[in-house]
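The values are calculated or read from the model by the stated rules, or taken from the named source; none is laboratory data. Remember, predicted model here, so these are calculated numbers, not experimental data. Cβ: placed from backbone, ideal geometry, glycine included. Neighbour counts: every protein chain shown. What goes into the accessible areas is simple: the full protein's heavy atoms, side chains included, and nothing from ligands, DNA or RNA. Shrake-Rupley method; radii C 1.70, N 1.55, O 1.52, S 1.80 Å.
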Amino acid sequence: DGGITQSPKYLFRKEGQNVTLSCEQNLNHDAMYWYRQDPGQGLRLIYYSQIVNDFQKGDIAEGYSVSREKKESFPLTVTSAQKNPTAFYLCASSVQRQGADEQFFGPGTRLTVL
Amino acid sequence: GNSVTQMEGPVTLSEEAFLTINCTYTATGYPSLFWYVQYPGEGLQLLLKATKADDKGSNKGFEATYRKETTSFHLEKGSVQVSDSAVYFCALSDLGAGNTPLVFGKGTRLSVIA
């Protein structure tokens, strides 16, 4: 079955440590996105990538980094520079086709900083 | 810029009650409009969409009509069930822009009690 997988589902890290969240899709989608979700704030865009080897900052990119070396994969690194990283992180993808705008989401990773 | 405004929750209804969740938008072009649903601990799922004025999206008993004159896309269901308890997000994208990130509202939490 095609879809988006995120791992792990729950992640704990100590303050000052970098951590990488995985996002893989087998939908053959060109574009991938990372969102952060905090209670009562909806979804905020961190980074997105429209093609391999290219990505753009979203609204809250500070303290995060990404790479897009393969079409299927878009890992997100939460660095120690992110001051409040505890949140629910959602990855999404979409197809490169005019008029096909909807995004497909993974199940999310809940990150807790101890 | 583009933006989405949803009614604030939480919304609490009894089973079989009528549901309306208001959504209005601001857009410079002619966006596509979406409703996504998020069940507890999960990612977002596309509930329905509409791509042009007067289009009605529908799925699982939910409906929303794209009203250009009032810039609205209100979500309705005639008879809610306990299983509809979730957070609902209204979103838009620039029609034809392809692979641009969606703009989300803050979400409306719905609780349905038996």
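So for the stretch A:34-47 (the condition being more than 30 Å from B:GLY57 (Cα to Cα), of a type in the set (Lys, Arg) and under 13 Å from the mean Cα position of the chain (by Cα)), does at least one residue qualify? Steps first, answer last, please.
Looking only at the stretch A:34-47, we keep the residues that are more than 30 Å from B:GLY57 (Cα to Cα), and these are none.
No, every residue in the stretch A:34-47 fails to be more than 30 Å from B:GLY57 (Cα to Cα), of a type in the set (Lys, Arg) and under 13 Å from the mean Cα position of the chain (by Cα).
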For this session: Would you check if there is a residue in the stretch B:73-87 being at pLDDT 95 or above and facing chain A (nearest Cβ under 10 Å)?
Result: yes
Problem set entry | Number of the exception - A:PRO39 against (1) assigned to a strand (DSSP E or B); (2) within 12 Å of chain B (Cβ to nearest Cβ) | (1)
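Do the conditions hold for A:VAL66, that is, is it at pLDDT below 95 and β-branched (Val, Ile, Thr)? Talk me through it step by step, then tell me what you get.
Working: at pLDDT below 95: no; β-branched (Val, Ile, Thr): yes.
Against the criterion (at pLDDT below 95 and β-branched (Val, Ile, Thr)), A:VAL66 does not qualify.
In the set B:LEU95, B:LEU33, which member is open to solvent by less than 20 Å² (accessible area, probe 1.4 Å) and modelled with pLDDT under 95? Write out each step before concluding.
On the way: B:LEU95 fails: open to solvent by less than 20 Å² (accessible area, probe 1.4 Å).
Being open to solvent by less than 20 Å² (accessible area, probe 1.4 Å) and modelled with pLDDT under 95 holds for just one of B:LEU95, B:LEU33, which is B:LEU33.
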Exercise. How many of the residues in the stretch A:42-72 are exposed (fewer than 15 other Cβ atoms within 10 Å of the Cβ) and in a strand (DSSP E or B)?
Worked result: 5
Problem set entry | Qualifying residue in the stretch B:40-50 (condition: on the phi > 0 side of the Ramachandran plot and at pLDDT 95 or above) | no
Problem set entry | Condition met for A:ARG36 (under 19 Å from A:ILE4 (Cα atoms) and modelled with pLDDT of 95 or more) | yes
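Does B:PHE104 satisfy the criteria of being at the interface with another protein chain (Cβ under 9 Å from one of its Cβ atoms), open to solvent by less than 10 Å² (accessible area, probe 1.4 Å) and in contact (Cβ under 8 Å) with a residue 12 or more places away in the chain?
Details: at the interface with another protein chain (Cβ under 9 Å from one of its Cβ atoms): yes; open to solvent by less than 10 Å² (accessible area, probe 1.4 Å): no; in contact (Cβ under 8 Å) with a residue 12 or more places away in the chain: yes.
So B:PHE104 does not fit the description; no.
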Exercise. Just wondering, is there one or more residues in the stretch A:94-113 that are open to solvent by 60 Å² or more (accessible area, probe 1.4 Å), farther than 29 Å from B:GLN6 by Cβ and modelled with pLDDT under 90?
Worked result: no
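Determine whether A:ILE51 is modelled with pLDDT under 95, β-branched (Val, Ile, Thr) and out of contact with any helix residue (DSSP H, G or I) (no Cβ under 6 Å at 6 or more places or on another chain). Don't jump to the end; show me each part of the working.
Values: modelled with pLDDT under 95: yes; β-branched (Val, Ile, Thr): yes; out of contact with any helix residue (DSSP H, G or I) (no Cβ under 6 Å at 6 or more places or on another chain): yes.
The answer is yes for A:ILE51.
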